[in-house]
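Report on the following structure.
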Amino acid sequence: MLRNLYPAVLYLQDGTCYRGFSFFKLSLSSGEVVFNTGMTGYQEIMSDPSYAGQIIVFTYPEIGNTGLNQQDNESNFLHVKGLVMKNISSFSSNWRAKVSFKNYLIDKQVPHIFGIDTRSLTKRLRLFGVTSAALFYSSNDNCISKMNLSSIYNINNIDLVRKVTSKAVYNINYDSLSQYFDDTNCGYYKVRSTSANIIRKSYKIIIVDLGLKFNIIRKLLNLGCNICVVPATCSYSSILRHNPDGIILSNGPGNPLLVNYVIDLVKRLVKFSSIPILGICMGHQVLNIAFGMQIFKLKFGHRGLNHPCGCNKYSEITSQNHGFVVNRHAFTNQNLLKIFSVQYLNLNDFTVSTTFHKKLPIFSAQYHPEASPGPHDSDYLFEVFVNLINMITCK
């Protein structure tokens, strides 16, 4: 077994080194090191565009027990810059599994390191905050001592949305899904909702792709919506040409302050149209920035499957993955309080989780209602959105 392992190093920007192993000889890969507390979901994390530019530390001690399947990808590509784990299971045990995690890492040449003390690393990130780092093969100390810090990836100054957004407009509807997409390739699959409150009328929803996850599309398809996905760089006039009933600003990676083109788009949509808008994760941040809110970067972010959000003795279990949040102190501004209400807070640190416009059909959530935590605590937000469209169109 040891003959099949290669020495690997995780080198933090402050010079701290963690030594471990990889299943192949690594090339240099750098990114922002963050930790995720989920016990599972590694397949979704690797394929989630929101993790672009990041090296993920899994706090759960063993990763790979359930293997990987053909349905749970959140995009067509791998977006992470690297994976950090304590142990990797060599075998998978799940009826849906098609490949083991170990073989997948090798086949796709995913940068990774295991055999390190992930608890120590996580505590360091909690104490000092997230940091840039490099992941590479190293068999001697000389290579580490000559490491060039300037080559380490700095995520804060890069517009990652432009890197992950779709390059062209495309349309999807439930009935023609199999005609345009191969389930085994793209990850879409048909599951018609059995909810008694399902909306029977089909509405056209435009999704502005800031780093779109497939499961947002699945949720809307299950409500009978027709979907048009547009790039983050699309213009106001091009959106109006599609004549949408509603608009969703999707999740996405990086610093929302760098996507001025999306913020300007949202400002025009709010000012000159009356189209209902739902913002999710980065979409939530962009939407609030457009209304004059301030945001800031958290020390180590929220990344996990069990974050409680709510108020007044009510809580939902939510899935979260973000480093930036809306500054709740902005709501001391009386002008903002007249137009926006904060419904839910993250009950771990009381950061803003949802905002609702008091006059316009606009609301947003910092967490991921499509990610099935709880397992379905916040699913209803999509039905709320479609019902809101229904109310507007029926007037």
Query raised in the report: Would it be correct to say that residue 395 is within 24 Å of residue 264 (Cα to Cα) and modelled with pLDDT under 90?
Result: no
Query - Which numbered condition residue 285 fails, given (1) farther than 20 Å from residue 155 by Cα; (2) at pLDDT 95 or above; (3) buried (at least 17 other Cβ atoms within 10 Å of the Cβ); (4) polar (S, T, N, Q) - result: (1)
Report summary line: Taking first residues from region 370-387 that are in contact (Cβ under 8 Å) with a residue 12 or more places away in the chain and at positive phi and second residues anywhere that are surrounded by fewer than 23 Cβ atoms within 10 Å (Cβ to Cβ) and polar (S, T, N, Q), the pairs with Cβ under 7 Å that are 6 or more apart or on different chains are none
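Let's see how each residue does on (1) in contact (Cβ under 8 Å) with a residue 12 or more places away in the chain; (2) of a type in the set (A, V, I, L, M); (3) in the same structural domain as residue 74 (by TED's automatic domain parsing); (4) out of contact with any helix residue (DSSP H, G or I) (no Cβ under 9 Å at 6 or more places or on another chain):
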| site | (1), (2), (3), (4) |
| --- | --- |
| 12 | yes, yes, yes, no |
| 18 | yes, no, yes, no |
| 25 | yes, no, yes, yes |
| 49 | yes, no, yes, no |
Requested in this report: Return a yes/no flag: does region 74-84 have any residue that is farther than 19 Å from residue 26 by Cα and either β-branched (Val, Ile, Thr) or touching a Leu at 6+ places or on another chain (Cβ under 9 Å) (or both).
Outcome: yes
Requested in this report: Considering (1) part of a loop (DSSP other than H, G, I, E, B); (2) of a type in the set (Val, Ile, Thr); (3) modelled with pLDDT under 95, say which one residue 144 fails and leave the rest.
Outcome: (1)
Query raised in the report: So which of 120, 139, 151 is surrounded by fewer than 15 Cβ atoms within 10 Å (Cβ to Cβ), modelled with pLDDT of 95 or more and either touching a Lys or Arg at 6+ places or on another chain (Cβ under 7 Å) or not β-branched (Val, Ile, Thr) (or both)?
Result: 120
Report summary line: When restricted to 239, 248, 216, the only residue more than 14 Å from the chain's Cα centre (by Cα) and crowded, with 22+ Cβ neighbours inside 10 Å is 248
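So that you can scan it fast, the table gives a plain yes or no per residue for (1) closer than 30 Å to residue 209 by Cβ; (2) modelled with pLDDT of 95 or more; (3) not in a loop (DSSP other than H, G, I, E, B):
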site: 10; (1), (2), (3): no, yes, yes
site: 20; (1), (2), (3): no, yes, yes
site: 76; (1), (2), (3): yes, no, no
site: 84; (1), (2), (3): yes, yes, yes
Report task. For region 22-41, state whether one or more residues are of a type in the set (A, V, I, L, M, F, W, C), surrounded by fewer than 18 Cβ atoms within 10 Å (Cβ to Cβ) and over 19 Å from the mean Cα position of the chain (by Cα). Result -> yes
Report summary line: Wholly inside region 229-348, strands (runs of 3 or more DSSP E) that include 3 or more residues that are outside the structural domain of residue 59 (by TED's automatic domain parsing) and within 21 Å of residue 49 (Cα to Cα) are 246-249, 277-280, 295-311, 314-326
Requested in this report: Scan region 374-387 and give yes if some residue there is of a type in the set (Ser, Thr, Tyr) and not in a loop (DSSP other than H, G, I, E, B), otherwise no.
Outcome: yes
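The values are calculated or read from the model by the stated rules, or taken from the named source; none is laboratory data. Please read these numbers as outputs of a predicted model, since none were measured by experiment. Positions of Cβ are backbone-derived with ideal geometry, glycine not excepted, and every protein chain shown enters the neighbour counts.
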